[in-house]
1. Just round it to a whole percent: the fraction of Cα-Cα distances in the range 134-186 exceeding 15 Å.
2. Once amide H atoms are built 1.01 Å from N in the peptide plane, which residues 5 or more positions from THR146, or in another chain, come under 5 Å H to H?
3. Could you sort 124-130, 171-177 so that the peptide with the highest average Cβ count within 10 Å comes first and the rest follow in order?
4. Quick one: P(r) of the chain from all Cα-Cα pairs, 20 Å bins, percents rounded to integers, in order of increasing distance.
5. Looking at the range 85-215, what % of the alpha carbon pairs are farther apart than 20 Å?
6. Beyond 22 Å between alpha-carbons counts as too far, so tell me which of LYS275/LYS354; LYS188/LYS209; LYS165/LYS221; LYS142/LYS221; LYS188/LYS221 fall in that bin.
7. If you look at just the Cα atoms of the range 315-418, how large are its Rg and its Dmax in Å?
8. Residues of the range 136-168 with amide nitrogen under 14 Å from the 7 Å Cα-to-Cβ point of MET1?
Amino acid sequence: MARIVMKFGGTSMAGTERIRRVARIVQRQQAAGHEVAVVVSAMAGETDRLVNFCREANPLYDPAEYDVVVASGEQVTSGLLAMHLQALGCKARSWLGWQLPIHTDDAHSKARIEGIDAEALLASMASGEIAVIPGFQGVSDKGRITTLGRGGSDTSAVAVAAAVKADRCDIYTDVDGVYTTDPRIVAKARKLKNVTYEEMLELASVGSKVLQTRSVSLAMKEGVRVQVLSSFIDDDAPAADTIPGTMIVSDEELEGLDMERQLITGIAADKNEAKVTLTRIADRPGAVAAIFGPLAAANINVDMIIQNIAKDKGETDVTFTVPISDLARTQALLEERKDTIGYYRMLANSKVAKISVVGVGMRSHAGVAATMFRSLADRGINIQAITTSEIKVSVLIDEDETELAVRVLHTAYEMDGE
Ligand code: ADP
Ligand code: ASP
Ligand code: MG
């Protein structure tokens, strides 16, 4: 017998028929002799709909009330799944974030989980009851509802799995695993049998939304075994233990499984960044600090940064990227400080995309970046900024060239499947 946390995403929970299918998958898992807890997302599209209501109410909405509104999508699906399970004859009940409780800090709309009281949950599971937990939500120590940031149900599932010391956390979604790149963009994307935590963390953080970044770092820290698999399976499909999804594994485990590791594991695209350029800044100590200090203080995450070579007049241009959702605030902050920073013009462009190639093989192989630059150049794709880490190279390009760039690179690194 194993203890398994099963998480179902928005597409899997979108409507009565789909929830019924989910209930059958859960029932089969329990019937196989396992203790199960289930974490669910809101129905696909629901969270977007709720976010829009908040924006319409007040563009500068109170984040605490935003959380009250957007957390409701998961309340609906957790109650519905419990009902569907009961209809199949299973013992089941929902546990809302404040009931367990799932404790978070009070950073509304992007709260972090601080701990989960698992005692009642464990007792319920041990009695054969299926616990259904709404993802994405928690409660602050002030007793207010919080949410974990978009895609946060993945993190809820991993946190629940860690709290109940589950043998596995199965993330059921609308694709049957983690692919070399988004299979909805590149038909020749290949499914990965295994991917390391580290690679998955990089892939998620550069735009592979199949798992929320924080769910991967939490799984890595807590040693939770995570598997990504499809909920779109037939009633006579094999049990989850034998379904070929993607298993997230440690580096050492992968060494044992796969001697012939690929140089590049995956490619991701992210259209959620905007590029800002400040021209003709004085080339002197402190100039860059004057730009990024205020942005950091405002909690704005700067990603790529380039400072051009100083021109002969002792002036330089600085280009950087921020999340599109923070662009307006960034521009306002820098406009206010125009004289202190001392720039000539501020240019902004949100029609950019960041393309990243990720793979631990890069550590031991030279030339990965060169292949990327050459392949993009051959197709006339201009690179506007570059950043690298030990296992990743990212470039910023025109948004219109996103799909082309991902396809070209997928072929260049010989990743194309059938
Ligand atoms: P859920 O609602 O189940 O949480 P998401 O929409 O958040 O599902 O994540 C699944 C989606 O992630 C897929 O439909 C796919 O388009 C996208 N995706 C992006 N990159 C990848 C990748 N490398 N492998 C698999 N799916 C990916
Ligand atoms: N429903 C939330 C969202 O759409 C959380 C999730 O689905 O993971 O972001
Ligand atoms: Mg998701």
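1. On the way: 844 of 1378 pairs.
Tail of P(r) above 15 Å: 61 percent of Cα pairs.
2. Amide H neighbours of THR146, under 5 Å, 5+ apart: GLY138, VAL139, SER140.
3. On the way: 124-130: 16.6, 171-177: 22.6.
Per-residue mean Cβ counts within 10 Å order the peptides as 171-177, 124-130.
4. 25, 53, 21, 2
5. Numbers: 4398 of 8515 pairs.
Counting every Cα pair in the range 85-215, those more than 20 Å apart make up 52 percent.
6. Numbers: LYS275/LYS354 10 Å; LYS188/LYS209 19 Å; LYS165/LYS221 13 Å; LYS142/LYS221 27 Å; LYS188/LYS221 33 Å.
Check vs 22 Å cut-off fails for LYS142/LYS221; LYS188/LYS221.
7. Cα-based Rg and Dmax for the range 315-418 come out at 16.8, 57 Å.
8. Those under the cut-off are 167.
Quick note: the coordinates plus some simple rules give every number you see, no bench work behind them. Remember, predicted model here, so these are calculated numbers, not experimental data. As a convention, Cβ positions derive from the backbone with ideal geometry for all residues, glycine included, and neighbour counts pool all protein chains shown.
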